[in-house]
Each structure stands twice: as C-alpha cells, then as structure tokens.
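No value in this document is a laboratory result; all are computed from the given coordinates. In this text the structure is predicted, and so the values were computed from the model without any measurement.
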Amino acid sequence: MKRSVLPALIFTIFTWGTAHAISYDLTVDHCTGGCGSPPFGTVTLTQNGTTVDVDVDLSGTNAFVKTGAGDFQAFKFNAVGVVLGDITVNQNNPGNTLAPQTGAFNGDGTGNFSFGIACTTCGNGAGGAFSTDVIFHVANATIADLTHPNNLGFTFVADILGSTGNTGPVAATGGTTTSSVPEPSSLILLGFGLAASHLVARNLRKDKR
C-alpha cells in the first residue's frame, strides 16, 4: 500500500507559515544617576521572508529621548551587508519624523555603532521624549546580520528618559528568547489549498479503480 504524502504536506504547510524571532532585553544601565529597574524594554527581531522586522518596545514609563549621550539617536545598532536605503521606519509617532541614520556613533561609553534610528523633528532632552515603539524594517537581511555585538559586547542601545527622570543610554547584550510566530494568513490559506487539492486528486484516483 502506498503511503500518503498528506502528513508531510501538512508539515510543510506549517513550516512555511512560521517566521523565526529573537528578543533582546535592554538591561545595562548607562544613565547618569540611573534610569530605574531593568529591563527597560525589549528589542524583537522577526525574520519575514528576506526582510527583518525590528520592534523596540520600552517598558513602563520609560520613553525615548534625544541627547548627546545617545548620539542623538533613539536607537542604535550594527548591521552587516546593509545600506541606509534598505531601512524603512514606521511613522507611528504623530507630529514627528523617525528616520534611519548612519555614521560613527560611540556616545557615553557604550561602544561603536554604525546605524541608528533618530527622531529628526524631536526636541532635545526630556521635552522631546516619546513612548511609541520604534519599528523599522531591513530589506535583504537576516537576523544574524543585525545582531553582531559591538566592540564592548553590546548588541543594541536605546537612549531613554527613565522612570527616575534621568536620561541616558541603556544596552542589550545576548538574545534572551527565540520563538516562532505566524506569518501572514495568505501562506496558511495557500497551504490548505494545496492539501485540499491533494485530497481531491486522491479521491479521483479511487473513483477510477
């Protein structure tokens, strides 16, 4: 008796329907006077086809701030094989503009970074702070391209206004969790369509016997 290929097909469907993600906690406090209790937020990277989606979500009352200690960047990272044109930023901060930046960023003892996301219209200091997530997308990249630690072992840095009222950079080191998350439902629907086609074809073969 021939073995059905349906189980393998179903496995393939659900393999297609997942994307890998890794999260980093911002736990290293470089704020003058301290920014409060870590973690200060989470950086989540999701592989979505050939694009990496990045969501920087600060916890509690922490907010992004624009200061010289953070090189006037809300968020800093390194990337291999990436150019500025590969990066698009969600404009989810009403009244302000977030934009990718590149340069030699090394503020306040957190090491060297070559990329950042800046609020180009925010004022400096606490008066220009904002708490919406920093969300951006890097085309033609993998998670590994964006998670190389810098010369001091830090993977990411955010410049924040902490719960204490102090400002400064907070950093992430190693990734803390790895998971699989669903991709768009169209892939799932495509998979179920393939499975249904397989069942119809098998029934037609039976009817011809």
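A few comments on the model shown:
- Cα centroid of segment 22-56 to Cα centroid of segment 63-135, whole Å: 13 Å
- Normalised by residue count, segment 20-182 yields a Cα convex hull volume of 101 Å³ per residue.
- Every Cα-Cα pair in segment 82-143 was counted, and those over 20 Å apart are 35% of them.
- Distant alpha-carbon pairs in segment 43-126 (separation over 16 angstrom), percent: 56 percent
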